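Chemist: Submitted below is the structure of interest, expressed as structure tokens.
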Amino acid sequence: TNPKLQEIRNELLVYDNVVANIPYTIESLSSTLTFTTPEQYNKAYSAMNIVTMMKKAGFKTFWITNQQTLTHRNTMLTAFANLTDEPTFLNNNRRQNANSHDEVVLQPFAEALADQAPRKFIVVHLLGTHFAYEYRYPESFDVFTGQQPASPFVTNKEAFHLYNEYDNAVRYNDFVVRQLIDTYRAKDPYGFLLYFADHGEEVFDVRDYNGRDMSKPTIGMYDVPFILWPSPSWSTQHDMNALKNTVHRPISLSYFMSGWCKLAAIQYKECNAEDDFFSEKFVAKPRWVGILKARQSYEMLEQRDRPLLPTQDKNNTK
């Protein structure tokens, strides 16, 4: 499902043990992109966030989104976008079961890269492989329609179609991410492109279920891809061997901001070296997923679910 990224696998740092903290976009990003814990995601409006921090560091900021921004629930995403110098909203649909394919971000991304600002921070927010999967890819990526799913939990026609539609969506997502990397590479930049998902989904991998539910979690709801493409000029100025040694660390998006400080060479009082998963000072710790009554140990979920995964793992990176 990811042939385009496999072609440049030797250029990528693929982090293979990364989990989201909450399996819902708004809550996950509210915590991930600010210095708040998952339980305090509702305080994100008053906390330091990644956009404001980058602006204070002298970067011109851009937010390019193919996510819906016209609903009340997406207020936080719109607030993040509107903090930037150049927000671009590409999806005016009110429902997620509507077509808005992610390649619409490619032209605005190229235009942002062409901006004359000496330092640029560009966020591209994709719809990715979000349900409903059949709306996430054009007809030309209808690759797996008749394929027999590897999962023993696919026992009816609806599950059969959902499983294959998800694989098609991942295949298209692979194409879009590769296009973003290629567009960035063509500018011969000093910098890096970091790609990650804010949550996963259960797609009949370890039980007969599709979707996300904190009260009945599976590791598929929390496992996320996390991929770094460092530019050649940036790589020559950094210890790449040390960075490559961090790719198997047990990481939670709960402490993303401290990692970002290290990667982007930002100094800020709330950046914590022990939470910085790119640093030699990083301290591995138990990862909690879900909040309130649904809060539990990811490590315990993994012990339960990992042996049940099908031999053909659909995850973008694992």
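The values are calculated or read from the model by the stated rules, or taken from the named source; none is laboratory data. Just so we're clear, the structure is a prediction, and the values are computed from it rather than from any experiment. Neighbour counts are summed over all protein chains in view; Cβ atoms, including those assigned to glycine, are modelled from backbone coordinates with ideal geometry. Accessible surface areas use protein heavy atoms only, side chains included; no ligands, DNA or RNA. Shrake-Rupley method; radii C 1.70, N 1.55, O 1.52, S 1.80 Å.
Chemist: Which pairs do you get when a residue that is more than 30 Å from residue 211 (Cα to Cα), found in the stretch 184-200, comes within reach of a residue that is open to solvent by 20 Å² or more (accessible area, probe 1.4 Å) and part of a strand (DSSP E or B), reach meaning Cβ atoms under 6 angstrom, with the pair 6+ apart or on two chains?
Modeler: Listed pairs, sorted by first residue: 184/193.
Chemist: Listed residues 297, 279; which is touching a helix residue (DSSP H, G or I) at 6+ places or on another chain (Cβ under 6 Å) and open to solvent by less than 90 Å² (accessible area, probe 1.4 Å)?
Modeler: 279
Chemist: Quick check: anything in the stretch 99-115 part of a loop (DSSP other than H, G, I, E, B), among the aliphatic types (A, V, I, L, M) and over 20 Å from the mean Cα position of the chain (by Cα)?
Modeler: No, there is no match, as no residue in the stretch 99-115 is part of a loop (DSSP other than H, G, I, E, B), among the aliphatic types (A, V, I, L, M) and over 20 Å from the mean Cα position of the chain (by Cα).
Chemist: Output yes when any residue across the stretch 177-194 is small (Gly, Ala, Ser) and outside any loop (DSSP other than H, G, I, E, B), and no when none is.
Modeler: no
Chemist: Exactly one of (1) closer than 21 Å to residue 167 by Cα; (2) over 22 Å from the mean Cα position of the chain (by Cα); (3) open to solvent by less than 70 Å² (accessible area, probe 1.4 Å); (4) free of Cβ contacts under 8 Å to residues at least 60 places away in the same chain is unmet by residue 142. Its number?
Modeler: Of everything listed in (1) closer than 21 Å to residue 167 by Cα; (2) over 22 Å from the mean Cα position of the chain (by Cα); (3) open to solvent by less than 70 Å² (accessible area, probe 1.4 Å); (4) free of Cβ contacts under 8 Å to residues at least 60 places away in the same chain, residue 142 misses just condition (3).
Chemist: Follow-up question, since we're still on this one. If I go through the stretch 16-35 residue by residue, how many of them are outside any helix (DSSP H, G or I) and open to solvent by less than 10 Å² (accessible area, probe 1.4 Å)?
Modeler: The qualifying residues number 7.
Chemist: Please state which one of 252, 215 is touching a residue at least 40 places away in the same chain (Cβ under 8 Å) and under 30 Å from residue 184 (Cα atoms).
Modeler: 252 is the lone residue from the list that is touching a residue at least 40 places away in the same chain (Cβ under 8 Å) and under 30 Å from residue 184 (Cα atoms).
Chemist: Same structure, new question: Does residue 253 satisfy the criteria of being at pLDDT 95 or above, buried (at least 18 other Cβ atoms within 10 Å of the Cβ), of a type outside the set (Asp, Glu) and within 21 Å of residue 36 (Cα to Cα)?
Modeler: Criteria met by residue 253.
Chemist: Listed residues 80, 131, 121; which is among the aromatic types (Phe, Trp, Tyr), in a strand (DSSP E or B) and either modelled with pLDDT of 95 or more or under 21 Å from residue 26 (Cα atoms) (or both)?
Modeler: Step by step, each of 80, 131, 121 is checked, and only 121 is among the aromatic types (Phe, Trp, Tyr), in a strand (DSSP E or B) and either modelled with pLDDT of 95 or more or under 21 Å from residue 26 (Cα atoms) (or both).
Chemist: Please find, among 13, 83, 90, the residue that is under 24 Å from residue 180 (Cβ atoms) and either open to solvent by less than 20 Å² (accessible area, probe 1.4 Å) or touching a residue at least 60 places away in the same chain (Cβ under 8 Å) (or both).
Modeler: 13 is the lone residue from the list that is under 24 Å from residue 180 (Cβ atoms) and either open to solvent by less than 20 Å² (accessible area, probe 1.4 Å) or touching a residue at least 60 places away in the same chain (Cβ under 8 Å) (or both).
Chemist: If I filter the stretch 96-122 down to residues being buried (at least 19 other Cβ atoms within 10 Å of the Cβ) and of a type in the set (Val, Ile, Thr), which single residue comes out as nearest to residue 172 (Cα to Cα)?
Modeler: Looking at residues that are buried (at least 19 other Cβ atoms within 10 Å of the Cβ) and of a type in the set (Val, Ile, Thr), I get 105.
Chemist: Still on this structure, please answer the following. Among the candidates 170, 224, single out the residue that is open to solvent by less than 40 Å² (accessible area, probe 1.4 Å), closer than 30 Å to residue 255 by Cβ and either touching a Phe, Trp or Tyr at 6+ places or on another chain (Cβ under 7 Å) or free of Cβ contacts under 8 Å to residues at least 60 places away in the same chain (or both).
Modeler: 224
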